[in-house]
Every structure is written in structure tokens, then in C-alpha cells.
Amino acid sequence: MPAGASALSLARPRTLKAALALLAEDPELMPIAGCTDVFVGLHFGTSGQRRFIDLWGLDELRGIALVRPEPSEAPVLRIGALATYTDIIASALVRRRLPMLVAAAREIGGAQIQNRGTLGGNVANASPAGDTLPVLAAANARIVLRSAGAERRVAMGEYYTGYRTSVRQAHELITAVEIPPVAGRQWWRKVGTRKAQAISKIMMAGVRGPVVRIAIGSVAPTVVVADKTARCLSAGGTLAEAQALLGDEITPIDDVRSTREYRHQVAQNLLAQFWRETE
Amino acid sequence: MIVTINGKRRRLDVAPMRRLLDVLREDCGLTGTKEGCGEGECGACTVLMDGVAVDSCLVPAAHAEGRAVVTIEGAAAAKRSARALQHAFVEHGGAQCGICTPGMIMAALPLKARSSRDQIKTALAGNLCRCTGYIAIFQSVEAALSPARKGARARRR
Ligand SMILES: Cc1cc2nc3c(=O)[nH]c(=O)nc-3n(C[C@H](O)[C@H](O)[C@H](O)COP(=O)(O)OP(=O)(O)OC[C@H]3O[C@@H](n4cnc5c(N)ncnc54)[C@H](O)[C@@H]3O)c2cc1C
Ligand code: FES
Ligand code: FES
């Protein structure tokens, strides 16, 4: 790289408000946070992007807190988009309310990546192999999107529209992720190659409570919420019945990392492991 | 922009999206920081930014503005713990070709004295070595952090 790094421009607003105003004027600006995805893209020359807007300095997007968006609602865990994996691992609040996110964060890259990679960046990057996505989907999280004019919340299950596409419009930023209370035991497992290296082969997050929830990554163009499988288990179905349903809910592909059959088998095994370990 | 590099305040005139790695090596002449992969996988380019280990190949120069950056040159000159690490790497065969060594030492610096083998492995999980097979590296770090060694106490952050 970046042969043309000197030709790349970077706007550096000091506040969220200023950032949103800049994006309203020029939605082609690409946001950067910890740059652990953006700089890899630039290095490979796969990113044709030339103009960027820097979010890294917006400390107002860093906080982790319990908040009550609606007075009638139970408090939700709000994690700012710029919270890094290191922030998440260190947060007693996240450890208490969403331990499966801490488990996932610990397995993302090495310390250098955890110190820079952000939750908002993982969600926005929209990779089907994004490790936090199954966790957020299993926890029924919603993504908070803000533009100069408005704020909206989108349920994780509706956020992604296809391979690396989402409902986020170019003039919107992810400001936070909100997670309602999760009832039941939380479970997370990632099957990959070397722990600290980039891409997962398959990962599963599960919640075993009054209502079972299961979400799986790397088995389809976007994260899969395995509703039928989870409903079967919630209703007292057997593991074998649930496994049969799971096979229909995922559509893994062959690629350089694994084959389709391998991923099917691993998904079945993970489901069995989840069920056994949360008994 | 103003950056404190190895304890010295410097004014740098650099494009904001250049890699901190290139700014350090090309503009500051600090070639102790190595480039292995250029994509965050190997950790050879590790430096400390405000005491925190980062891959300088993934940091835009703009993010160093107003921060304190420490490279292997500065660590060795300023910190007893870094010197202890260097000696331990020599003594215990933690360095062979040496390409990964500056990154290994920078990644190990934030570790506290008496860190366990597991804590050491976690701190170095983002650093690849193609020569040693890691055992000698873990032993070197362990030796440097063990209280029995004089001057080996690692500073926090
Ligand atoms: C060596 C290595 C190992 C990795 N390991 C893993 C892993 O194990 N699991 C995993 O899931 N990922 C992994 N990653 C990928 C990456 O670290 C994560 O996706 C990280 O969370 C990205 O966050 P970031 O802040 O660095 O994002 P950036 O690189 O700064 O941005 C990523 C994308 O998100 C957009 N964006 C960022 N923030 C916002 C926002 N607030 N609003 C709107 N858009 C935004 C950017 O425009 C860009 O498109 C790895 C990367 C590397 C280099
Ligand atoms: S050169 Fe930066 S991590 Fe390999
Ligand atoms: S000593 Fe050669 S890469 Fe580690």
C-alpha cells in the first residue's frame, strides 16, 4: 500500500453532529473506525474508495451503559459503536448481561486487533463471518442508526438484506447496539483455524431459556437466525428433530476454507454441543 | 500534526491515511518496526499507542495525532522491562531470524510481572513467528517477567 495513500482524503469531524452533517452533504464519504477492515481492503487494493470520514475521535460513541430508551421498557444494554473488543472484554456490565459477547470478543484476532476493532465496525462491515453477528442476533439486539435528521432502530434479524448489504443508508451511521435483557443460559462457540487469524469457518450463539434462540454465522450470505430449529427445541422437540430442521435453515457454500458438507456437519455438531452444555 | 514518538514531541507533515508503519519507517527512520504481512495477521509491526499494542500497518497516521507512540527503539532505550525482554530473548533462543522479534517484544511489554503462560500466549496471539515454534519465545517472556530476575519487572501499560 498504499501506493496512493497520499491521495486519500480524510474528513475529521469533532462531534457526531458534525459527522452526520458532513455525511448528509456527501454520502460517498466512507466511515473509518478502528480500520482493521478498511486498511486490509486498502492494502489489497480491493477498495476503490478515496474519500473517508473519521469516527475514531467521536468519544460520545464509546460508552457502554444500561439505558431506558422508552420509560415503559426494561433497561437495555447499550454498547456504543466505537466500543472496542478490549472495552467489551473489560466491561463488567457486558460480562454480566451478555457473557457470550465477551466470549466472542476474546476470540477475535490478537490483542492488537482487539485494541482497535470496534463493534460498530463488525456490524457495518457486514461480513457473513463477522463473529459478533450471531451473538447480537441470538440476543435479539437492535442496531441504532442515526442521520442528520433522524434516529431509527432496526432489529438484528432485519438489518442485513443480503451478502454484505444492509438497510443502513450511506448518510447514516451506526451509533450503538442495544441489547434487551436475555433470559436463559448463553452459549458461544467458534470453529476456525488459528484463533487469532481472520476468518471463522462457522460460529454459533445460543440462548437456552423459556424461549430458545440460535444464530449461526458463515453458513449463508448473512447471519442465520435458526427460528424453526429453536422453536422445535423450545417446544420440547428432540435434538435429532432439531438437527434435521437446522439442515434446511442453513445454506453453506464450498470455498477455499471448507466444503459445504463439512459446514453442515459442524453446524449439527455445534447444535448438539450447545444443547448438551446448557442442560 | 504533533505526535510524541519515543518520548519526543515531533511535528510531522503527513497525509492522514498513510500507514503509521510507513510514517515511522520512512519519515522517522525508525526501521526497527517491521512489516511482515501488511494486513494485521503477523504483528511484526506492533507499536504501543498510549501504552496499548496496535498493528501499525492498520493505523492511519491521523490516529496517531496527539498520541504517544513507542517503537522498539524507544522501548529499548527507555524501559528496563524492554531491556529485560531483549536479554531474555537472547538467552533463551527466543529470536532466530529476528523479523518477528521487535513485534513480539512490543506485544509483551504491556504484560504485568509474573504473568502466567496463558496470559503470555494471549498477549502474543496476534504475533506470528516462522522460525522458533513459539516455545522459546514464551520461555523468554516468562523469564523476563519472573520476579527472580533483577530489573525484569514489567511496567503496566
Ligand atoms: C488479523 C485480523 C483478524 C481479525 N479477526 C476477526 C475475527 O476473528 N472475527 C471477526 O468478526 N472479525 C475479525 N477481523 C475483522 C475486523 O477486525 C472486525 O470486523 C472489526 O470489528 C472491524 O472494526 P473496525 O472498527 O476496525 O472497522 P473499520 O475497518 O474501521 O470499518 C469497517 C467497515 O465498517 C464501516 N463502519 C465502521 N464503523 C461504522 C459506524 N459506526 N457506522 C457506519 N459504518 C461504520 C466502515 O465504513 C467499513 O465499511 C479481523 C481483522 C484482522 C485484520
Ligand atoms: S505487518 Fe502489520 S500485522 Fe503484519
Ligand atoms: S525468529 Fe524468525 S520469524 Fe520469529
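Using just the Cα positions, wrap the protein assembly as shown in a convex hull and report its mean projected area in square nanometres, one decimal place. Write out the running numbers ahead of the final one.
Values: hull surface 86.9 nm².
Hull-based average projected area comes out at 21.7 nm².
Restricting the GluC sites (Glu not before Pro) of segment A:11-112 to loop positions (DSSP other than H, G, I, E, B) with no more than 15 neighbouring Cβ atoms within 10 Å leaves A:E28, A:E73. What's log10 of I(q)/I(0) for chain B at q = 0.18 Å⁻¹, Debye sum over Cα points only, no solvent? Results for chain B at q = 0.18 Å⁻¹ read -1.01.
Using the Kirkwood formula over every pair of different C-alpha atoms, what hydrodynamic radius in Å results for segment A:60-179?
Numbers: mean 1/r = 0.0695 Å⁻¹.
Evaluated on segment A:60-179, it is 14.4 Å.
In terms of Cα atoms, the Rg and Dmax of segment A:4-59 work out to 11.4, 32 Å.
Normalising the average separation of contacting C-alpha pairs (under 8 angstrom, six or more residues apart) by the number of residues puts the relative contact order of chain A at 15 percent.
For A:W275, neighbours were defined as the other residues whose beta-carbon sits under 15 Å from its Cβ, and their charges (Lys and Arg +1, Asp and Glu -1) total +3. The 3J(HN,Hα) values that the Karplus relation (6.51, -1.76, 1.60; θ = phi - 60°) gives for segment B:86-94 are, in residue order, 4, 4, 5, 4, 5, 5, 9, x, x Hz. Gly and Pro appear as x.
Go from 0 up to the bin containing the longest alpha carbon distance in segment B:79-156, width 5 Å each, and give me the % of pairs per bin. Computed distribution, short to long bins: 3, 19, 33, 28, 13, 3, 0.
Compute the accessible area per residue over segment A:60-179, keeping the other protein chains in place, probe 1.4 Å, unit Å².
Working: 4350 Å² over 120 residues.
Here the residues of segment A:60-179 average 36 Å² of exposed surface.
Taking square-rooted eigenvalues a ≥ b ≥ c of the alpha carbon gyration tensor, is segment A:1-131 rounded, prolate or oblate, where a/c under 1.5 means rounded and, failing that, a/b exceeding b/c means prolate? Taking the square roots of the gyration eigenvalues as a ≥ b ≥ c, segment A:1-131 is oblate.
Normalised by 2.2 N^0.38 Å, where N is the number of residues, the alpha-carbon radius of gyration of segment A:61-103 equals 1.16.
Within 10 Å of each Cβ in B:36-48, how many Cβ atoms from other chains are there, averaged over the peptide?
Details: counts 0, 2, 7, 9, 15, 8, 2, 6, 0, 1, 3, 1, 1.
Taking the mean over all residues of the peptide, I get 4.
Any of B:K34/B:K112; A:K201/A:K228; A:K17/A:K190; B:K8/B:K79; A:K17/B:K8; A:K201/B:K112 with alpha carbons more than 26 Å apart? Name them for me.
Numbers: B:K34/B:K112 24 Å; A:K201/A:K228 23 Å; A:K17/A:K190 37 Å; B:K8/B:K79 15 Å; A:K17/B:K8 34 Å; A:K201/B:K112 33 Å.
With Cα atoms farther than 26 Å apart: A:K17/A:K190; A:K17/B:K8; A:K201/B:K112.
222 nm [θ] for chain B, helices only, -39500 (n - 2.57) per DSSP H run of 4+, per residue, to 500? Please list the in-between numbers first.
Numbers: 5 runs with 45 residues, N = 157.
Computed mean residue ellipticity for chain B: -8000 deg cm²/dmol.
How much accessible area is lost when chains B and A come together, counting both sides, with a 1.4 Å probe, in Å² rounded to the nearest 100?
2400 Å²
The residues packed around A:G117, meaning those with a beta-carbon under 14 Å from its beta-carbon, carry a net charge of -4 if Lys and Arg are +1 and Asp and Glu are -1.
How high is the relative contact order of segment B:79-156? Use alpha-carbon pairs under 8 Å, at least six apart in sequence, and give a whole percent.
Numbers: 114 pairs, mean separation 37.0, N = 78.
The value is 47 percent.
Per residue, the solvent-accessible area of segment A:185-277 (1.4 Å probe, heavy atoms of protein chains only, all protein chains present) comes to 46 Å².
Run lengths n ≥ 4 of DSSP H only: what is the helix-derived mean residue ellipticity at 222 nm for chain A, with -39500 (n - 2.57) per run over all residues, to the nearest 500? Intermediate results must be reported in sequence, preceding the final value.
On the way: 12 runs with 96 residues, N = 279.
The helix-only estimate for chain A comes to -9000 deg cm²/dmol at 222 nm.
In this structure the amide hydrogen of A:G34, modeled in the peptide plane, comes within under 5 Å of the amide hydrogens of A:T118, none closer than 5 places in sequence on its chain. Just which residues of segment B:13-35 lose 50 Å² or more accessible area with every protein chain there, against their chain alone, with the probe set to 1.4 Å? Residues passing the criterion (a loss of at least 50 Å², heavy atoms only) are B:M17, B:R19. Annotation for segment A:8-79: trypsin sites (Lys or Arg not before Pro) lying in DSSP loop with at most 11 further Cβ atoms inside 10 Å of their Cβ are A:R14.
The values are calculated or read from the model by the stated rules, or taken from the named source; none is laboratory data. Bear in mind that the values here come from a model prediction, so they are computed numbers and not experimental data. Ideal geometry is used to build each Cβ from the backbone, glycine not excepted, and the neighbour counts take in all protein chains shown. These area figures cover heavy atoms from the full protein model, side chains too; ligands, DNA and RNA do not enter into them. Shrake-Rupley method; radii C 1.70, N 1.55, O 1.52, S 1.80 Å.
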